[in-house]
Structure formats: C-alpha cells, structure tokens
Amino acid sequence: MSVLGPLHAVHEGRDVTPTAPKVRNLLALLALRHDRLVTTGTLMTELWGDHPPLSALATLQTYVYQLRKALRGRELLVTKPLGYVLHLEPGCLDADRFSGLLSRARADLAAGRPEQAAEALTEALALSATPPLSDLDTGPVLESHLGQLAESRLQAHELWAEADLRLGRHHDVITRLQALVVEHPFHEDFHRKLMLALRRAGRRSEAMEVYRKVRRTLVEELGIEPSAALQALHESLLDDDIDNAADTAPVVADIPAAAPAPYARPAQLPPDSADFVGRAAELRRAAELLVPGAAPQATRLVAVTGMPGAGKTALALRAAHQAAARYPDGQFHADLRGAEEHPADPGRILGGFLRATGLRDQDLPDDLAERSQLFRSWTAGRAVLVVLDDAADEEQLRPLLPGGPRCAVLTTSRAPLSGLSGLQRLELGEMPAEECVQLLRSAVGEGRVDSDPDAVRAIVAMCGRLPLAVRAVAARMRARPQFPLRTVASRLADERLRLRELRHGELDVAARLAPAYRRLDPGGRSLLAGIAARAPQTFTARSAARWTGFDPVAAELLLEQLAERHFLRLHGCDAGGEDVYALPDLMRSFALTPAVGCG
C-alpha cells in the first residue's frame, strides 16, 4: 500500500483504492496508524474538522462499510468499542519501509558503514520521490502526518548527504544540495554540507558565497546569526583549513536518534498566508521574542493581542513559519476557539499533541493533569514551538505549555492573559493606511484601486484600518467589478449600515465581534451601547458615567474591562490625570447595529 505519493491500495492482487474522497481519507488515516486503534472522534475530526454534522457517526459507519466491502472481509478492518483498527502485513505500507530504511541508514552511519547507509538512503528517497497523499484533500489529522513525513524526508536527505560526503562523493552531492538550500532557506545543516562539498571540490569562493547568503537570510528574516557549527566552518574556510575539527566532524552526530515511534517530529503549522501584507515591525519584534537565547532559562511565552479582525492569526502564523527552523524537534498547532461559547477542551488538544509525537491511544492517560505532565516531560529536553490560536484565558492555556527552556509558545488572544508569568505581549493595532491600500491592490488589482485614490482612502478609513474589514470589502469588490469605488465608499458611509457591507462569506466583521461581545457581562454591554449612542470620539470615565447614568466608579471598572477586551482603546490621560478612552469607528457601528450589537 502506498501513501508516499498518490494513495494506492492493492489487496489480493486487486486495486482496492477507493474513489470517494472521504473514504480515501479514511483509508489513508487508518493505514498510517495501522494496527493501532483510531478513535471515531479522530476520524470525524479528519473528515469534518471541529464541526462535524449531526449525522457524522452514521455517515462514518457507512464509509467504513464501503471500505470493508472493497477489502472483501472483516479481518483487515476491525471494529473496536471506541473506533477501528486496520491490520496490515509487515512491510506492506511504503511509509513503514521508508522508516525502516531510515533507521538502518542511521545505524550504518553510526557504525562507520557509509556505503551501506548510502544504499539504504537511495532506496528510501526513491520511495518518497513525490509528495505524500498528493491526490487527497487532507483534513487536520492527516495534515499532521504529512508534516511528520516531510520531516522524516528531510532527515533522509541529511543522512544521504553525510554518507556521500564520507565516501568522498562531494562532486556528486553539490547539485542536489543546491536544490535543497533553495527549497529550505533556513536549514543550516544543508548549507553547511553544501559549503563542505564545494570546498572539497576546490570551489572555496562559492562555499564562502553560500555562507554569505544564508547569514543574510537568517539575519534579515529571523534576526539571528548562524549557528556555532556554521560559523566554525566559515572560519575554517577563511583560514583555508579544510582539515580542522570543525569542518570534518561527523555531521550525523547532529541528527537525533530515531524515536521509538515512526512519527516523532510534529509539524502541524497551517499554511502561511499567500497574500500577507505589511506588519514588518511587528514581525521583527515577534522574531526577537521567539529566538532562543544563548542560555535559555524558561519557556518563552509570546501573546499577540488586539481587537478582533486585526490579523492576529495571520501574523502569528507568519512569525511561526519564520521561526520554525529554530525549533527542529517539532511545531504544534491548535485552534483554542476562545471567543466561542464552548472553547476547545485542553485535554483533547493535548491528546492530539501526544498522538503526534507517536504515542498510541491506549498509552494516553484520561486525566488532564496527567496528559499535561506527559507533554511537559516529552518537551523537556527538546526545542519545540507551540502555536495556540484564540486562547480564552490562562486556565485554558496553562495545561498546554511545554516543559523545556528551549521551547516557545506563540498564542493569539483577545484576553489580556496577565496571569501568565513571563508573558511577552505583542499588541496589534490598526494597520497603517498605505498597507491597507496595498492589501486592496493585491486583492482586486492595481488598476482599479489606483483609479480613484480619494475613494480608496475613504474606504480604508471607514474600514477602521482593520485587515479583516479591508479583506471583506475587497471580496465584495471582486464580486461586483462594475461598482465604482465611490459607490463602495458611499455604501460604507452610514455607520449604522456599515457592517452589512463588511461581510462576504466567512469574512464577516460583525460575526467576528459578536462572540467577544456576548462574553461581556450585562453592565459592559449596556455601557458600550450608551457610549456608542452619545459619546464623542474620546471620553473619560466621568463623562461616560454622566451620559449613561452609571455610577462613576462602576463606569471606570467597566471601561477598563472593555479596553482589555479591545472594544475600547486607551487614548492617554487628560490634564487631571484621568484615563481618556476612544471608541473605534467599527466598534461604534457594531454597537449601533441592532441585529448584532447593543441596540
């Protein structure tokens, strides 16, 4: 059976590969976890994400029936009390053969047998020549497996280059390593091996240029210097000392020993946004906060905060992808759904994390505290990045924190999370106007946007310079190419109707604000309604109390809560030292829209 490439299954000489998309995903997941229980919950998450339909269980049973019928027997696909087990013969799955070849090659290199290692790695890389499951529209569970398979393939390339260099085949590895450093610009070991191969081939100046390029990439993109090993090799090139210890030390020693399970390096980050625009200063700050220190003492905690729709998730994912190379032992990701009525269960999230490390379902404790301890133990000696989107509060986050000083947590949240010790906060405000214009250009085209600069500036201003609002307007503009820009601006002018125009499909400003609004207590909602109806652009607690009839002390406490939840912005202090607040235009529109706001 093949998963390293298009899905392909053969049973008793017959092609039994399903044609129905979800049945194909079902077979792929059962195969990757063959001879282990895969729970119905895991299967439903793969097929329908976090929001399965009411008929999900019955539909899943139908898919299992279809798969069992294709396999012509119940002995291969067995029903268990909590899920299903697919039994496969040893060596039947190409991913297992790949894992075995990789382990054998690692052992051969450690024992000083590079020729045998090279043969095993050539066979392994031939098995994985095409992207795994390339013909499937994979769900979240299979995506984590694909990341693990990709990481294993990188290890195979590292070992292959090491074996060929030990055999003196430096001329042969140069071209492939040049392709690998382009594909993986932050992978320092590939650059190190390419420098070594070039120097041994007598191309010292090219090796120096490789170092200059990777150093510039690391400094400009991540704000860090190359590793000590890469710098030592560079020094040896400057001295023209190819025989020094730093240059000839076996690179395989840098590659961790094989984990007991076939998939032990999670790579769960969702894809980066292709149309990400701006936020350069915030990305530089995130890189500074996420880069491990020379002697890290504790897990780094970084929270991206800001009002709904400010682009917290997009920025966090961009920062996480840029920092991922610094966390070679794995990257975990989870959507905590903190703004929803029922946030994600930390115990379930930890179960997914631990399964991604290779643990079997039967090895997972049921107790949240025990799962948290197990996760901390696994991460204690590793360099791991954990990305947690939309955290509800500290209580939800604490069990998910890793246990090692080389680890980092990057979370987004609308809550202040001030109870977490050592937290570094990155506040995301409105987007600069020019970056909003650039976002419109990338979405609807330069010609249309640049045809009426005044209307574009008005549109950006009425979007509150909020990326989500700009994207919603851009989507509506694409759907109505005949609409002049001035028509778009005029539709946005009425603040009581504005949110209707800031909605297109899943891009819905009001829908994004509503969950956070519902989590406010009744006093906060009432005060927000009064402020929206009566207050000028800036105001103090005393003036807000006068307009709304609230007690001044109660108004001050509620305003602080509204500011913490990003419904208000702290504007500064007046001459008497009293806090001055501002109500963003989109928040006022939200509060004045009866269907979704406070009216």
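Observations
- Gain upon complete extension [Gln537, Asp35; 0.36 nm per residue less C-alpha separation]: 174.4 nm
- Full-stretch length increase - Ser55, Asp15 - with 0.36 nm per residue and alpha-carbon distance subtracted: 11.4 nm
- To the nearest ten degrees, helix 114-127 and the longest principal axis of the Cα atoms of the chain are 50 degrees apart.
- Length released on extending from Glu578 to Asp450, taking residue separation times 0.36 nm less the Cα-Cα span: 41.8 nm
- Packing here is the average count of other Cβ atoms within 10 Å per residue, and on that basis the peptides 475-482, 99-106, highest first, run 99-106, 475-482.
- Taking the C-alpha atoms only, the angle from helix 368-379 to the longest principal axis of the chain is near 50 degrees.
- Largest-first principal axis extents, alpha carbons of the range 347-470, Å: 62, 30, 24
- Using alpha-carbon coordinates, inclination of helix 228-238 to the longest axis of the chain, degrees: 70 degrees
- Of every Cα-Cα pair in the range 44-130, the percent that sits beyond 18 Å: 63 percent
- According to the Kirkwood relation over distinct C-alpha pairs, the hydrodynamic radius of the range 426-562 is 16.6 Å.
- Surface per residue (accessible, 1.4 Å probe) for the range 433-549, Å²: 48 Å²
- Looking at the range 163-234, the pairs of alpha carbons with a distance over 19 Å make up 27% of the total.
- Distance between the modelled labels on Arg360 and Ala298, one decimal in nanometres: 3.9 nm (7 Å Cα→Cβ projection).
- Loop-located GluC sites (Glu not before Pro) in the range 432-522 (DSSP state not H, G, I, E or B) with no more than 14 neighbouring Cβ atoms inside 10 Å: Glu506.
- Distance in nm between pseudo-label sites at Met208 and Ser418 (7 Å out along the Cβ direction from Cα): 5.6 nm
- Quick note on the range 6-91: its Rg to Rh ratio, both from C-alpha atoms and Rh being the Kirkwood radius, is 0.94.
- Percent of Cα pairs exceeding the 14 Å cut-off, where the set is the range 397-485: 70 percent
- Of all accessible heavy-atom area on the range 417-463, the percent that carbon and sulfur account for (1.4 Å): 49 percent
- Candidate lysines for bridging to Lys213, where Cα separation is under 23 Å - those fewer than 8 sequence places away on the same chain excluded: Lys193
- Element breakdown for the range 1-139 at a 1.4 angstrom probe: carbon and sulfur atoms account for 57% of the accessible area.
- Three-way shape call for the range 289-421 based on the alpha-carbon gyration tensor, with the a/c threshold at 1.5: oblate
- Helical mean residue ellipticity (222 nm; -39500 (n - 2.57) per DSSP H run of 4+; nearest 500) of the chain: -15500 deg cm²/dmol
- Over the range 49-88: Kirkwood hydrodynamic radius from C-alpha pairwise inverse distances, Å: 11.1 Å
- Reachable lysines from Lys69, criterion Cα separation under 27 angstrom, eight or more residues apart if same chain: Lys22, Lys80
- Modelled this way, with points 7 Å down the Cα-to-C-beta line, the labels at Gln116 and Val78 are 3.5 nm from one another.
- Calculated on the alpha-carbon coordinates, the convex hull of the chain measures out at 193 cubic angstrom per residue.
- Surface accessible to a 1.4 Å probe, per residue, for the residues of the range 312-370, Å²: 40 Å²
The values are calculated or read from the model by the stated rules, or taken from the named source; none is laboratory data. Treat the numbers as computed from the prediction; the structure is a model and nothing was measured. Here the Cβ is made from the backbone with ideal geometry for all residues, glycine too, and neighbour counts use every protein chain on show. Remember, those area values only see protein heavy atoms, side chains included, never the ligands or the DNA or RNA. Shrake-Rupley method; radii C 1.70, N 1.55, O 1.52, S 1.80 Å.
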